[in-house]
Amino acid sequence: MSTMNICGVELTGSDAVVCFLNLDRGQFSLPDCKVRKLSLPKNHTGEDLKQFQTTFAELMAENGVARVVIKERMQKGKFAGGAISFKLEATIQLLGGEGLEVRLASPAQIKSTLAANPLPIPFADTGLKAFQETAFIAAYVGHMAK
């Protein structure tokens, strides 16, 4: 497949920050997308989780995404992810299967991939919002990691 569309995801609190990154014949491009993050209400129900999952799946389909790469959060310690972010991760992981691959990228994997394959342009030159940087890097690592 010559074109690969990846969505990088950073889960923070009750938000899934997304960034789409396409690679076509060795050239990266950032597709135009008005959606930068999807949120779950603070006092969410099972229905809210299903709605989040449906909305996320629709967004991936609309953007022709083949792979989702989620930046893995620590399970304990100072930088541990919150309970809600793990729920969001699970709803996204359950979408994996027919036509959509879902992967986790550990901080160590991200660091080693960036060391071997530095970003081709500074993040500031991408035109993305600052809060999308981690999602952008997750998408980039998704393209570079074999």
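The values are calculated or read from the model by the stated rules, or taken from the named source; none is laboratory data. These numbers come from a predicted model, not from an experiment. Counting neighbours? That spans all protein chains shown, and the Cβs are built from the backbone with ideal geometry, glycine included.
Within the range 16-45, can you find the residues that are closer than 17 Å to residue 125 by Cα and among the hydroxyl-bearing types (Ser, Thr, Tyr)? Passing the criteria: only 29. In the range 88-144, which residue that is under 15 Å from the mean Cα position of the chain (by Cα) and basic (Lys, Arg) is farthest from residue 33 (Cα to Cα)? Within the range 88-144, the match that is farthest from residue 33 (Cα to Cα) is 103. The number of residues in the range 96-107 that are at pLDDT 95 or above and either buried (at least 17 other Cβ atoms within 10 Å of the Cβ) or in a helix (DSSP H, G or I) (or both) comes to 3.
Taking every residue in the range 90-103 that is within 12 Å of residue 69 (Cβ to Cβ) and pairing it with any residue that is in a loop (DSSP other than H, G, I, E, B), at least 6 positions away or on another chain, the pairs with Cβ-Cβ distances below 6 Å are 102/96. What do you reckon, is residue 126 in contact with a helix residue (DSSP H, G or I) (Cβ under 7 Å, 6 or more places away or on another chain) and either under 13 Å from residue 9 (Cβ atoms) or of a type outside the set (A, V, I, L, M, F, W, C) (or both)? So residue 126 fits the description; yes. One residue alone among 87, 42, 111, 34 is over 21 Å from residue 145 (Cα atoms), without any contact (Cβ under 8 Å) to a residue 12 or more places away in the chain and not polar (S, T, N, Q), and that residue is 34. Mind checking which residues of the range 43-66 are among the hydroxyl-bearing types (Ser, Thr, Tyr) and at pLDDT 95 or above? 54, 55 - these are the residues of the range 43-66 that are among the hydroxyl-bearing types (Ser, Thr, Tyr) and at pLDDT 95 or above. Scanning the range 1-32 for residues that are within 11 Å of the chain's Cα centre (by Cα) and either more than 20 Å from residue 119 (Cβ to Cβ) or not acidic (Asp, Glu) (or both) gives 6, 7, 8, 9, 11, 16, 17, 18, 19, 20, 21. Taking the criterion of being surrounded by fewer than 11 Cβ atoms within 10 Å (Cβ to Cβ) and either in contact with a strand residue (DSSP E or B) (Cβ under 8 Å, 6 or more places away or on another chain) or not in a helix (DSSP H, G or I) (or both), the residues of the range 43-89 that qualify are 43, 45, 75, 76, 77, 78, 79. Of the candidates 119, 40, 23, 30, the single residue that is under 16 Å from residue 138 (Cα atoms), at pLDDT below 95 and surrounded by 18 or more Cβ atoms within 10 Å (Cβ to Cβ) is 23.
For the range 122-135, the set of residues classified as surrounded by 10 or more Cβ atoms within 10 Å (Cβ to Cβ) and either free of Cβ contacts under 8 Å to residues at least 24 places away in the same chain or not hydroxyl-bearing (Ser, Thr, Tyr) (or both) consists of 123, 128, 129, 131, 132, 133, 135, listed by residue number.
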